[in-house]
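Notes follow the structure.
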Amino acid sequence: MKRLVAITAMLIMTAGLSFAEDWVGYLADEKCAAGGKAASEAHAGCAKKCVEGGQPVAFVNEADKKVYKITNQDAVTAHVGHKVTLSGKLAGDAIEVANVKM
């Protein structure tokens with residue numbers, strides 16, 4: 001019985017972790033990302049200026065160039081213009097970021 005309880009507890013604790021996904025790409029301003037101009041570090045300066053000017057941060061997936069919205073902007077603002085690995089949850093066309101690695 002103790003073994004069953006221990007296994008059940010482990011499954012419950014790790015259930016949330018199994019739904020996290022990882023993506024590699026660039027953090028940029030939403031306007032340039034939508035225009036296809038943001039999938040490189042050469043765009044970093046422009047992206048930083050646009051975000052400072054009020055544009056939301058978006059993520060451009062390196063694999064397929066798809067643009068995703070970021071639901072928790074504060075988690076990524078410091079990394080705008082950089083190639084990053086995001087970990088989080090995808091809901092439609094938006095990512096809730098749990099972790100950012102450069």
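Key figures for this structure:
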| read-out | value |
| --- | --- |
| Number of positions in the range 74-102 that are of a type in the set (A, V, I, L, M), under 10 Å from VAL57 (Cβ atoms) and touching a helix residue (DSSP H, G or I) at 6+ places or on another chain (Cβ under 7 Å) | 2 |
| Count of residues meeting criterion [without any contact (Cβ under 8 Å) to a residue 40 or more places away in the chain, closer than 14 Å to LEU27 by Cβ and of a type in the set (A, V, I, L, M)] in the range 71-93 | 2 |
| Extreme residue, modelled with the lowest pLDDT, among residues of the range 35-72 that are in a loop (DSSP other than H, G, I, E, B) and more than 17 Å from the chain's Cα centre (by Cα) | LYS37 |
| Pair list, Cβ under 9 Å, 6 or more apart: the range 49-65 residue of a type outside the set (Gly, Ala, Ser), other residue assigned to a strand (DSSP E or B) and surrounded by fewer than 16 Cβ atoms within 10 Å (Cβ to Cβ) | ASN61/VAL24; GLU62/VAL24 |
| Filter result for ALA28 (at pLDDT below 95, touching a helix residue (DSSP H, G or I) at 6+ places or on another chain (Cβ under 8 Å) and surrounded by 17 or more Cβ atoms within 10 Å (Cβ to Cβ)) | no |
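Yes or no, residue by residue, for (1) under 11 Å from TRP23 (Cβ atoms); (2) in contact with a strand residue (DSSP E or B) (Cβ under 7 Å, 6 or more places away or on another chain); (3) surrounded by fewer than 17 Cβ atoms within 10 Å (Cβ to Cβ):
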site	(1), (2), (3)
LYS37	no, no, yes
VAL51	no, yes, no
GLU62	yes, yes, yes
TYR68	yes, yes, no
GLN73	no, yes, yes
THR77	no, yes, yes
VAL84	yes, yes, no
ALA91	no, no, yes
ILE95	yes, yes, no
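The values are calculated or read from the model by the stated rules, or taken from the named source; none is laboratory data. In this text the structure is predicted, and so the values were computed from the model without any measurement. Quick reminder, even Gly has a Cβ in these numbers, built from the backbone with ideal geometry, and neighbours come from all protein chains shown.
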